[in-house]
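So the structure is just underneath, and the comments pick up after that.
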Amino acid sequence: MSASAPPPPATTERAPRAGRLVLGGVLLVLGALWLLDTLGVEIPGHVVGPSALIVVGVGLVAAARWGRSQAGLIVLGVILTVVLAVGTVVSVPLTGEVGDRIYRPRTIDDVRASYALSVGNLTVDLSGIPVGPTPERARVGVRVGLGQVVVIMPAGSDVAVHAKAGIGQTVVFGVEEGGFGVDYQSPSHMGGLNIWRLDASTGIGRVEVRYG
Amino acid sequence: MGERRMNSVSLAWGLFFIAAGVAFLLDRLNVIDLRPEYLLPAFLIGIGLVVLFGGRLSRAS
């Protein structure tokens, strides 16, 4: 009985490590972006993440021809993909102060056009404002990057609410919605001219709008 | 010189990451609008293609 054919000799071409390929690619891209920025070409910061993911993909495709397993790079790519996907769904505007804030304006003139907090609980209590003299279509924006928004409207007032939560929950006059990318829009209750227009949002957290 | 074996799993994941990266880049540049309700199904389709064609390429090589 003849011996089976010997296995083909291993390739003699030296296989570069994919990590080195990707590192080189990332440095190349970063250097090119930096150079373009220095030359006056405006490079928005939010393109860096997707560019890094493309570099990881190109590195994997290039390394695939040497037949090596690239588990580390695949894990890196999956992490980058998840982070970019969450960033696409959830906008966390980290502008403003940090902590808990409560605002209680007593007249319509004291009401700001917008209230913002980076991280924390923000309460805007408008319940002390008389319903009658509300100007036509008073607009108020209340925004928190990470945390809870509570807006208390004057009892009996006419309010059109646009409530958003990247990840979390909105409760608008008892109507609850939750999950990813929550976007709730209530109609004006009475459809009159003297209505409040309220935009309340959080990146991650909870938005509650109720009557006082 | 011996025959090189293509690593199909790396190839499939690499193509998936390139496609995802291009989609995210176009979204960031406001060329397309990646809506949250489309993302999860799109990823499931992409990962399904990686599993299917990664395995098929493995058997072919």
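Every read-out reported here was derived from the displayed coordinates using simple, explicitly stated rules and does not represent laboratory data. This one's a predicted model, so the numbers in the text were calculated from it and none came from an experiment. Here Cβ is always computed from backbone atoms with ideal geometry, including for glycine, and neighbour counts include all displayed protein chains.
Distance from the alpha carbon centroid of the stretch A:138-152 to that of the stretch A:48-77 works out to 41 angstrom. Shown in residue order for the stretch B:11-17 are the 3J(HN,Hα) couplings computed by the Karplus curve 6.51 cos²θ - 1.76 cosθ + 1.60 at θ = phi - 60°: 4, 5, 5, x, 5, 4, 5 Hz (x for Gly and Pro). Based on the reciprocal of the average 1/r between different C-alpha atoms, the Kirkwood radius for the stretch B:8-60 equals 11.9 Å.
Rounded to 0.05, the FRET efficiency of the A:Asp109 and A:Ser186 pair, given R0 = 35 Å and the Cβ-Cβ distance, is 0.85. Summarising the amide proton neighbourhood of A:Val150: residues at separation of 5 or more, or on other chains, whose placed amide H is nearer than 5 Å comprise A:Leu122, A:Thr123, A:Val124, A:Glu208. In order along the stretch A:149-154, phi translates into HN-Hα couplings of 10, 10, 10, 10, 8, x Hz, rounded to whole numbers, per the Karplus curve 6.51 cos²θ - 1.76 cosθ + 1.60 with θ = phi - 60° and x for Gly and Pro.
Taking amide hydrogens as placed 1.01 Å from N in the peptide plane, the amide H of A:Gly212 sits under 5 Å from those of A:Met153, A:Ala155, each at least 5 positions away in sequence or on another chain. Computed extension gain for A:Arg20 through A:Thr38, at 0.36 nm per residue and net of the alpha carbon distance, reaches 3.8 nm.
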